[in-house]
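A.B. asks: Below you'll find the structure I mean.
The values are calculated or read from the model by the stated rules, or taken from the named source; none is laboratory data. These figures come from a predicted structure and were not determined experimentally. Note: ideal-geometry Cβ built from the backbone for every residue, glycine included; neighbour counts use all protein chains shown. To get the accessible areas, we keep the full protein, side chains included, count just its heavy atoms, and leave off ligands, DNA and RNA. Shrake-Rupley method; radii C 1.70, N 1.55, O 1.52, S 1.80 Å.
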Amino acid sequence: MNFKHLLLIALLAFACRAVASDIVPNPVRFVRSDDGFTINSRTALLWDEPLHDAAAYLAEYLPLQRSVKTDAKFNSIALRLDHNLASEAYRLDVRHDGIVISGGDYGGVFNGIQTLFQLLPPAVYSRTLHLPAEVACCHIEDSPRFSYRGVLLDVARTWIPADRVKRYIDLLAYHKINKLHFHLTDDEGWRIELKSHTEFARVGGFRGGDSPVHPRYGKFSEKWGGYYTQAELRDIDRYAASRNIEVIPEIDMPGHSKALGAIRHEILCSFAPDTARTNGLDIRNVWCAAKESNYTLIDDIIREVSGIFSSKYIHIGGDEVDMSQWRACPDCQRLKREKGLADEKQIEDYFIARVTEILARYGKLPAVWNEAIDGGTLPSDTRVHG
C-alpha cells in the first residue's frame with residue numbers, strides 16, 4: 001500500500017467522522033458508503049398510514065412535487081414503522097436509489113427525519129432548499145439514552161405570543177427534544193384562558209396599569225402581557241405532538257400564586273398581612289390549605305386544563321412555599337391540629353394529596369418540583385422534577 005492509498009483512506013475516514021459529527025446527538029452507529037442519492041422534484045414521499053403527520057411535516061421542508069402513499073421503490077423517501085425497534089429509535093438508510101427511515105414508533109421516525117435534515121444543506125431549515133440536493137449514502141442507527149429530554153418555557157414571567165411558542169417548538173424538534181414544560185402561571189401572570197373564570201386571564205394575564213398584578217422586570221410604566229385562548233393552546237398541543245413533543249402544562253400552586261391572589265383575594269389565608277415594609281402591597285402568594293372553597297376552585301382549573309392538553313401529567317409546582325403564611329393562618333393551624341400534621345411541610349403534603357385526587361378525577365397525574373418531596377408522603381406515581 002503506497003502513500004497515496006494511505007492518504008485516500010485517511011481522507012475518507014475524516015470525511016466519515018465529519019458527517020457523523022454533524023449529527024446531534026451523535027448516533028449509536030454511523031456507517032458511510034460511497035456514492036449518494038439525489039433528491040429531485042420527482043422524488044416520491046412514501047409513508048405507512050400511521051405516519052401521515054410525519055410525512056406532512058417532512059413535505060413542509062423538502063419541496064417535493066409528489067407526496068403520495070405508493071409502493072414505489074426507486075427515487076423515493078420512505079417512512080416506515082418497524083416494531084422490532086425500541087420507542088423513539090430509528091434506522092436511516094441512504095442508498096443510491098432512495099432513502100428509508102424506519103422507526104420503532106412515530107417518535108423514532110420523526111427523530112430519523114431530523115437526522116436527515118442534518119445531512120442536508122442548512123437551507124432546509126428555512127424551507128428554502130432548492131432541488132436537486134445530494135445526500136451521501138450512509139447507514140445510521142440511533143436510540144435515545146434518555147426517555148425524557150425536556151426544556152422549560154416560562155411564559156408567566158415573560159409573555160411570548162402563540163406563534164413564537166410554535167417557533168420555539170420547531171427549534172426544540174430540530175434537536176430531538178421531546179418534552180416542553182409549559183410554565184403558564186406564577187406570581188407575575190396567569191396566561192391560560194378558563195371559560196369558568198374568564199377574569200383569571202383577562203385580568204391576571206397583564207400586570208401594571210389598571211391591573212391588580214403589580215409591574216415587574218422593567219415594565220413599570222405600562223400595562224403589559226397577554227394570555228392564550230383555549231383554542232390557541234389546543235393548537236400548540238397538536239402542533240407539538242406532530243413534532244414528537246409532549247406539552248406538560250404547569251399551574252403553580254400552592255405557592256407562586258400572587259397573580260391569582262391579586263384577582264381572587266379569598267384564596268389567601270385568613271390573616272391581615274403587615275404591609276409596612278412592602279409599600280402597602282400584599283405580597284402573599286400561597287393558597288390557603290384549609291379553605292374547602294379553594295379545592296372547589298382548583299377542581300374548576302384542573303377540569304379545564306385537562307381538557308386542553310393531551311399529556312397525562314399536569315405540573316402543580318409545590319416549590320418555594322412560604323410556610324410562614326400557613327403558620328400565621330388560624331384556619332391552617334386548626335387544620336394541622338385536626339389532621340394530626342406534624343408541621344407545615346405536612347400541610348403541603350395534605351394540599352398536594354387533595355390536588356392529586358382532583359387530577360385523578362380527570363385522568364391526570366401530578367408532577368411537582370423536588371422541594372415538594374420534603375414532607376415525605378407524595379403519591380408514588382408523582383413525577384418529580386429537579
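A.B. asks: For residue 293, state whether it is open to solvent by 70 Å² or more (accessible area, probe 1.4 Å), in contact with a helix residue (DSSP H, G or I) (Cβ under 6 Å, 6 or more places away or on another chain), at pLDDT 95 or above and not β-branched (Val, Ile, Thr).
C.D. replies: no
A.B. asks: I've got another one for you. Show the residue pairs meeting these rules: Cβ distance below 8 Å; 6+ apart or different chains; first residue within region 334-355 and more than 21 Å from residue 301 (Cα to Cα); second residue outside any helix (DSSP H, G or I) and of a type in the set (Ser, Thr, Tyr).
C.D. replies: The qualifying pairs are 346/377.
A.B. asks: Can you name every residue in region 45-62 that is outside any helix (DSSP H, G or I) and within 20 Å of residue 82 (Cβ to Cβ)?
C.D. replies: The answer is 45, 46, 47, 48.
A.B. asks: Answer yes or no as to whether residue 57 is at pLDDT 95 or above and either among the aliphatic types (A, V, I, L, M) or within 18 Å of residue 121 (Cα to Cα) (or both).
C.D. replies: So residue 57 passes the test.
A.B. asks: Test of understanding: among 105, 163, which residue is within 20 Å of the chain's Cα centre (by Cα), modelled with pLDDT of 95 or more, surrounded by fewer than 15 Cβ atoms within 10 Å (Cβ to Cβ) and charged (D, E, K, R)?
C.D. replies: One residue alone meets the criteria, 163.
A.B. asks: Please list, ordered by first then second residue, the pairs with beta carbon atoms under 8 Å, 6 or more apart or interchain, first in region 308-320 and without any contact (Cβ under 8 Å) to a residue 60 or more places away in the chain, second assigned to a loop (DSSP other than H, G, I, E, B) and open to solvent by 30 Å² or more (accessible area, probe 1.4 Å).
C.D. replies: Final answer for the pair search is 312/363.
A.B. asks: Still on this structure, I have one more. Which one of these does residue 143 not meet: (1) in contact with a strand residue (DSSP E or B) (Cβ under 6 Å, 6 or more places away or on another chain); (2) open to solvent by 10 Å² or more (accessible area, probe 1.4 Å)?
C.D. replies: Status for residue 143: all satisfied but (1).
A.B. asks: Please find, among 66, 80, the residue that is closer than 23 Å to residue 42 by Cβ, open to solvent by 30 Å² or more (accessible area, probe 1.4 Å) and at pLDDT 95 or above.
C.D. replies: Going through 66, 80 in turn, the sole match is 80.
A.B. asks: Another one. Which ones in region 236-266 are of a type in the set (Ser, Thr, Tyr) and part of a loop (DSSP other than H, G, I, E, B)?
C.D. replies: 242, 257 - these are the residues of region 236-266 that are of a type in the set (Ser, Thr, Tyr) and part of a loop (DSSP other than H, G, I, E, B).
A.B. asks: Assess whether residue 109 counts as being under 20 Å from residue 48 (Cβ atoms) and either in contact with a Lys or Arg (Cβ under 9 Å, 6 or more places away or on another chain) or hydrophobic (A, V, I, L, M, F, W, C) (or both).
C.D. replies: For residue 109, the condition - under 20 Å from residue 48 (Cβ atoms) and either in contact with a Lys or Arg (Cβ under 9 Å, 6 or more places away or on another chain) or hydrophobic (A, V, I, L, M, F, W, C) (or both) - is met.
A.B. asks: Could you check region 10-44 and list, in sequence order, the residues that are open to solvent by 90 Å² or more (accessible area, probe 1.4 Å), among the aliphatic types (A, V, I, L, M) and at pLDDT below 90?
C.D. replies: 11, 12
A.B. asks: Also, quick follow-up: Condition check: among the acidic types (Asp, Glu) and either more than 28 Å from residue 304 (Cβ to Cβ) or touching a helix residue (DSSP H, G or I) at 6+ places or on another chain (Cβ under 7 Å) (or both). Does residue 349 satisfy that?
C.D. replies: yes
A.B. asks: Under 7 Å between Cβ atoms, at least 6 apart or on separate chains: pull out the pairs that start in region 199-218 with a residue that is under 19 Å from residue 284 (Cα atoms) and open to solvent by 40 Å² or more (accessible area, probe 1.4 Å) and end on any residue that is of a type in the set (Gly, Ala, Ser) and in a helix (DSSP H, G or I).
C.D. replies: Every condition considered, the pairs that remain are 212/262.
A.B. asks: If residue 187 satisfies all but one of (1) out of contact with any strand residue (DSSP E or B) (no Cβ under 7 Å at 6 or more places or on another chain); (2) under 17 Å from residue 242 (Cα atoms); (3) crowded, with 20+ Cβ neighbours inside 10 Å; (4) touching a residue at least 40 places away in the same chain (Cβ under 8 Å), what's the number of the condition it fails?
C.D. replies: (2)
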